[in-house]
Amino acid sequence: MAKTDVCRVMFEGGAITTIVTSSGASVKAWVDEVLSVHRRRLHDLIVGLDVEWRPLFGPGYSPTALLQLCVGRRCLVFQLLHADYNPAALKEFLADPDYRFVGVGVAADAARLWNDEDLNVANAVDLAEVAAEETGRVDLDKPEEVRLGRWNDYYLTTQQIKYACIDAFVSFEVGRMLLGDN
C-alpha cells in the first residue's frame, strides 16, 4: 500500500518541506506544485537529483530504491521499490530538455533510473569537481551508517530522510549558484 509523509528537514537555518512517498499520485502532485510555483522560469528550471540503493558487499545488483528531487525548499523522496506506479507526470518532468537535473555523479544516477525504472533524464548536468572549486564547499558530513543503510526498507529512518533530502537540496543549491538564479 502506498504511503506519503510530509516532513520538515532543518538545514542551514531553514526548513525544507520534504515529501516521502511511494504513491504515484503524491509524486504527480509534487511535480504539479513545482511546475505551478516556478511557471515563469520553466525554460531554465534547475532540479537537484540523486538516487539511493541498498549497497551490496559482494557480487550482484541492487536496484534503485529512492529518487530524490529538489527545487528550492521543496524536496521529493520517491520510494521507487515500493511505488504503486510511476506517474506520467514524473516521466514527462524528467524527460523535459529545458530542465537541468543537477548533482554529483548524476549521469550514473540517470543511467540507473533508465535501466531500473525506464525513466529518461533528458538533461543531466554533473556538478562534480567544478562545484567544489567554485563554492569552496567540501563534501557534506555523510554518516557511513546512513550512507550504507537499508535504502530499500519501506519505513525510512529520520536520519535516512534527512540525508536523502539534504543530498538533493545541496545539489539544487550548488546548481543554482553555478548555473542560474532559480
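Pick from Val51, Val102, Val31: which is most flexible by mean-square fluctuation in a GNM of the chain where alpha carbon atoms under 10 Å apart are linked?
Per the Cα network of the chain with a 10 Å cutoff, Val31 tops the list.
For each of Arg8, Arg74, count neighbouring Cβ atoms within 10 Å of the residue's Cβ, then give the residues from fewest to most.
Ordered from fewest to most neighbouring Cβ atoms within 10 Å, Arg8, Arg74 come out as Arg8, Arg74.
With the contact rule set at Cα under 8 Å and sequence spacing of 6 or more, what percent relative contact order holds for the chain?
Rounded, it is 27 percent for the chain.
How large is the charge dipole for region 4-179, taken about the Cα centre, if only the Cβ atoms of Lys, Arg (+1) and Asp, Glu (-1) carry charge, to the nearest 20 debye? It would help to have the intermediate numbers written out before the result.
Values: 17 positive and 26 negative charges, 92 e Å.
Dipole of region 4-179, to the nearest 20 debye: 440 debye.
Would you report the distance distribution of C-alpha pairs in the chain as whole percents per 10 angstrom bin, up to the bin with the largest distance?
Taking all Cα pairs of the chain, the binned fractions are 10, 41, 39, 10, 0 percent.
Sorting Met10, Met1 on the 10 Å Cβ count, fewest up front, what's the list?
Met1, Met10
Can you sort Glu33, Glu117, Glu92 from fewest to most other Cβ atoms within 10 Å of each residue's own Cβ?
Details: Glu33 15, Glu117 20, Glu92 12.
Result, fewest neighbours first: Glu92, Glu33, Glu117.
Using Cα springs under 10 Å in a Gaussian network model of the chain, which residue among Thr21, Thr157, Thr64 shows the largest mean-square fluctuation?
Of Thr21, Thr157, Thr64, the Gaussian network model singles out Thr157 as fluctuating most.
Each reported figure results from applying straightforward, stated rules to the coordinates on display, with no laboratory input. What you are looking at is a predicted structure, and each value in this text was computed from that prediction instead of being measured. Backbone-built Cβ (ideal geometry, glycine too); neighbour counts: all protein chains shown.
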